[in-house]
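Q: Got a structure for you, written out below as structure tokens; questions coming shortly.
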Amino acid sequence: MKKITGLTLFTLLCSFSTSFAQEDINKNYISKGQWLIGGTMSALVSSGSNAFSLEPMGGYFVGEKFATGLAISYRSEESINGFSFLPFVRYYFSQKRLAPYAGLGFGVASESTVFFTPSIGIDYFILKNVAFESNLAYFQILQKNGSQSGVGLTAGLQFFLR
């Protein structure tokens with residue numbers, strides 16, 4: 001009798017945890033009216049030089065999967081050191097735990113430097129409102145003395161607040 005009770009308890013526990021996990025997988029983590037606050041660090045490789053940047057950001061979901069916001073980027077490399085302001089838009093293809101997105105940023109660092117950065121990325125929700133983020137971005141920098149382009153890989157944390 002005790003073997004049957006233990007086996008039954010184990011089966012019920014496994015069923016409950018599986019159904020709870022399924023609910024978690026199917027849950028929407030992103031919704032309209034939510035705030036996106038976080039930041040990333042990146043290593044950029046361009047023609048002839050390497051760069052590093054830190055980018056705190058904040059945004060707002062104006063639609064179910066569409067966010068817009070502003071990033072403030074600090075970039076350090078041979079020819080550019082300083083801050084830039086980068087308005088951005090993002091479209092998320094999923095609202096689930098694994099949320100891929102496409103983004104576009106455009107900004108100005110000074111009157112002679114303009115940034116253009118399309119990107120693709122993914123947010124993985126490690127908690128209800130916290131996601132690990134990684135993306136791959138192409139960047140184009142236009143300056144008075146010429147242009148520069150390259151590819152950057154970023155990683156960071158994002159907080160999704162209601």
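Q: What is the order of Phe88, Phe132, fewest Cβ neighbours within 10 Å to most?
A: Phe132, Phe88
Q: Enumerate by residue number the GluC sites (Glu not before Pro) in region 56-162 meeting two conditions: DSSP loop (anything except H, G, I, E, B), and at most 12 other Cβ atoms within 10 Å of the site's Cβ.
A: In loop regions of region 56-162 (DSSP not H, G, I, E or B), the sparsely surrounded GluC sites (Glu not before Pro) are Glu78, Glu111.
Q: Can you tell me which of 145-153, 119-127 comes out highest on packing, and rank the rest after it, using the mean Cβ neighbours within 10 Å?
A: Sorting 145-153, 119-127 by mean packing, highest first, produces 119-127, 145-153.
Q: Taking amide H positions as placed in the peptide plane 1.01 Å from N, state which residues far from Tyr29 in sequence (5 or more) or on other chains have amide H under 5 Å from it.
A: Residues meeting the criterion, in which the H sits 1.01 Å from N, are Lys96.
Q: What FRET efficiency would be calculated for the residue pair Ser149, Tyr60, taking the C-beta separation as r and a Förster radius of 25 Å, to the nearest 0.05?
A: Given R0 = 25 Å and the Cβ-Cβ separation, E is 0.25.
Q: Taking the Cα-to-Cβ direction at Tyr74 and at Phe106 and moving 7 Å from each Cα, how far apart do the two end points lie in nm?
A: 2.8 nm
Q: Please compute the net charge surrounding Arg90, taking Lys and Arg as +1 and Asp and Glu as -1 over other residues with Cβ under 12 Å from its Cβ.
A: Neighbour charge sum, excluding Arg90 itself: -1.
Q: Restricting to Cα pairs below 8 Å that are 6+ residues apart, what does the relative contact order work out to for region 35-161? Please round to a whole percent.
A: Here the relative contact order equals 24 percent.
Quick note: the coordinates plus some simple rules give every number you see, no bench work behind them. Since the structure is predicted, the reported quantities are computational estimates derived from the model, not experimental observations. Note that each Cβ is placed from the backbone with ideal geometry, even for glycine, and that neighbours are counted across all protein chains shown.
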